[in-house]
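Okay, structure first, notes after.
Readers should treat all values here as calculations from the given coordinates under stated rules, not as data from a laboratory. A quick note: this is a predicted structure, and the numbers were derived from the prediction, not measured. For neighbour counting, all protein chains shown are included, and Cβ atoms are generated from backbone atoms with ideal geometry for every residue, glycine included.
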Amino acid sequence: GQSTFSEEQRKEIMDSLHFKQRDARLLTLKSAQTKTCRWLLKNAHYKDWTNSDKLRQHHGFFWIKGKPGTGKSIMMKFLFSEAKKVMKDSLVLSFFFNARGGDLEKSTSGLYRALLLQLLEKAPETRGVFDHYGISGFQTIKDTGWQNETLRELFSQALQELENHRVVCFVDALDECPEDDVRDMVAFFEELGELETAAEFRVCFSSRHYPEISIRTGLQLVLESEQDHTNDITSYINTHLKVGRDTQAEDIKAEILHKSSGIFLWVSLVIPILNKEYDRGRIKALKKRLKEIPAGLHDLFLDMLTRDHKNMDDLIVCLQVVLFAARPLRPDEFCVAVETCCEDDVPSEGCDPTQMTSENLRKLVLDSSKGLAEITKSKEPTVQFIHESVRDFLLKEGGINQLLPATGNQEGQGHSTLKKICLLQLSLFQFGLDDVEICIEFGPSYHSNRIASLRQRYSDKKYPLLQYAVEFIFHHTNWAQKLGLNQIAFLERFDTNAWVQVRQALDTKDTKSFQSHLLYFLGETGSADLIRTHPNRDQHLEVQGGYFGVPLLAALFAGHSDAARAFVKLHPLPEDESTKGAQRSSRRNLALKKETFKKGRHVLSYLCEFGDTDILRTVLEREDVDPNSEDSAGQTVLMRAVQSGNPKLVEALLGWERIDPDFAPRGRSTPLKLAFK
C-alpha cells in the first residue's frame, strides 16, 4: 500500500526523536584497556545469552550487577563495541543512562526515543510503522511532545516488522533512572521477549545492586565476585603504576589491590596520586601516602577535596554549580559561573574568547573540582562529575555538609549562589551602557532603542552565560524560596524591565513582554513558591501585559497549574508536589492550547476550559469579578462550562449563588436551555 508520509516527512519525524546528548555518556566513557574485559566474552553466562538454542531458558535477558565504581559502564561500552563487530546479522542498539546529564539522558523517555531512532536508522524497512498514526496523529505528537506509550507502541510494532531478525540492546546504568520508570521498562522488555511474531529480542542490562529489580527469567553476573575482574584490576595497576618491578613495588601493588575491594574507580583515582609521589623520587612518601588514602570510595572523595585546602571558594562554587544548575553547563558557561562568583574584578565587557581554549577550560574544570569533574566528549560538551558516586557522596552521604559544616541547607545555598551568578551576569551585561537606570516613563521608543544597543553589545562568545541567566534566574530564586531562604528582598528589588530588555535583546521573537509585571513572568515560568511569597499576588487579575494579558493565564498556557493555584492561594495538587522540583517542568499535555487564545475573552472562560473547579471557584469569589458578565463572544462563564461538556464544572457553578442560570446575554438561549439542546 501507499505510505501516508513522504520521505521528507518521515525524516522530520525521525529528527524529532533525536536529542543532542543521546550518546554523550557513551562517548565520554574511557575505552577498556587492552586485554581487559575480554574474559566476559568467554564467560559461560555471556555465551549462553548469545546462544539462540538457550533462548527459552533466559528469554534474552543478561544482567551485569556491581557496586558503584566497579567498571560496569566501561564493560558495557566494550560489549557494545564487540557486538557491533561480531554480531553482523543482528541490529545492535544501546542506551547509557546518565543521571548527571539532561532530562532525556536520565529518563526512559530518552531510552525509548534513542532505541527507536537507532532501529529506524539501521532497518529502514520498519519506517512504515509511522503510517498507522497518520498526519493528524503526528500533529498531536508535535503539539504535546513524545509520550512513552506512543514510543513503546512504535518500538513494539517495529520489532514485529523484523520477524526474521535479531535485535540486541545494551542498556547501561539502570540505577541512574527513576526506579518506577525502570520497573515499567523492564516489564515492557519482558513483553517484547514474549512476542511470537517479532524479531528475536536480547537485552544486556547493567546496574548497581540497589534498587533490587527482578526479572522473571534471565542470566546474572556480579562483577566484583568474578576473579577475572580482579585480574583486570591487577593488569590496570601493572600498566599504570610507575614504581618499578622490585619486591617493594609488588607489595605496593598488592596493597592497592587489597584496598580497592574490586572498585576500579578507586584504583584509577589513587594511581595518579601515587605516581606524583614517585615522580618526586620518594618511594617512602608514596608508601606513607598509600597508607593514608582511605579504602572506601566516599572517604577517598573527601580526602581528595579537603587534603590541601587550596582554592576552597572555587571548589565550593564548582560543586554547587555542577550539583544544582538547571541543566548541565557548557565548559565556557561553567568557567564564567566560577569566575563570576570567585573573582573580585569581573570585567563588564565580558570574557575574552581567546582565553576560552579547550585546554584552558579542561584545566579550570580539573583544578576547581580537584579532579572530580570532567568535560564530556560529545557534540555539545558539558561539565559533569566523573561518576555518579561523586553526586551520591555529596548529597546522599552528606559530603557537602562536611565541606561546609557551618551553613546547613546546602541545596538552598547552592540555588542562592546560582541566583547571585545570574544576577551578576545580567547587571554586568548592562553596565556601561548610557542611562543604566531604566525608567518606565521613557516609553516604547526608549525601550526599543535600548534593546537595539543591547543587541549590538551581545555576543555569546563574550557573554556565554547570559542566555542561561535570563532563562533560569527565576528557577534558582524559586528553589531557594522553597528550601527556606526568604526571597522577599529579591521580589521587591528585581528590575523586571531591565530583565525584559535583555531577554528581548537575546530573543528577537519576543515582542510582547514590554511593561509586563513580574507576576506575569513568575506565572510563565511556574515559580509557584515566589508567587506565594510576592506581596502583590492578590493583584494578579489587575496587572496587564504580556501575550496572555494576566499572570494567571500565563501560568495556565505554560502548563503550570501549581503556579496558577498559587495565585489564588490554593495548595498544589498532589501530582504537582514533588520533592525533586521547586519549579515543576511544564506539563504541556495539560496546558491550555495557545491557538485557543483570543484577546477579549474573559479569564473565566479559560478557567472553564482548563477545568480546575477550585481555581474557578476562588476567582468567582472575588468581589471585583462579575460571574454573569459576558465576554467579547457574548458568552457567560456558565455558557462556556455547558459547552465544555464537563458536568462537574457545571454542577459546581450552579451551586454558586452569584451565578444566574436564567441569564442570557443579547437574547441568546439560557445556559440551561443550551444544556438540553
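Positive end of the dipole of the chain (Cβ unit charges, origin at the Cα centre): among Ser416, Met312, Thr613, the Cα lying farthest that way belongs to Met312. Listing Tyr133, Tyr210 from fewest to most neighbouring C-beta atoms within 10 Å gives Tyr210, Tyr133.
Counting neighbouring beta carbons within 10 Å and listing from fewest to most, the residues Asp562, Asp15, Asp181, Asp507 come out as Asp15, Asp507, Asp181, Asp562.
Scattering from region 227-293 was approximated by placing one identical point on each alpha carbon and applying the Debye formula without solvent; log10 I(q)/I(0) at 0.15, 0.19, 0.23, 0.24 1/Å stands at -0.40, -0.66, -0.97, -1.06. Listing Trp39, Trp146 from fewest to most neighbouring C-beta atoms within 10 Å gives Trp39, Trp146.
Adding -39500 (n - 2.57) for every DSSP H run of four residues or longer, then dividing by how many residues the chain holds, sets the calculated 222 nm ellipticity at -15000 deg cm²/dmol.
Projecting the Cα atoms of Ile74, His58, Phe5 onto the charge dipole of region 3-101 (Cβ charges, centred on the Cα centre) puts Ile74 farthest toward the positive pole. Based on C-alpha pairs under 8 angstrom that are at least 6 apart in sequence, region 102-257 has a relative contact order of 21 percent. Would you mind checking the tilt of helix 72-86 against the longest principal axis of the Cα atoms of the chain, expressed as 0 to 90 degrees and rounded to 10? In the chain, helix 72-86 runs at an angle near 80 degrees to the longest axis.
Region 593-610 and region 388-419 have Cα centres spaced 43 Å apart.
Looking at the chain, send over the antiparallel percent of its DSSP beta bridges, to the nearest 5. Of those bridges, close to 10 percent are antiparallel. Relative to the longest principal axis of the Cα atoms of the chain, the long axis of helix 227-240 makes an angle of roughly 80 degrees.
Could you state the angle between the C-alpha long axis of helix 134-144 and the longest principal axis of the C-alpha atoms of the chain, as a value from 0 to 90 degrees rounded to the nearest 10? Computed tilt is about 90 degrees. Average 1/r across all pairs of distinct alpha carbons in the chain, invert it, and you get the Kirkwood radius: 28.8 Å. Using all C-alpha to C-alpha distances in region 7-223, build P(r) with 10 Å bins and read off the rounded percent in each one. Spelled out per bin, shortest first, that is 8, 35, 38, 16, 3, 0.
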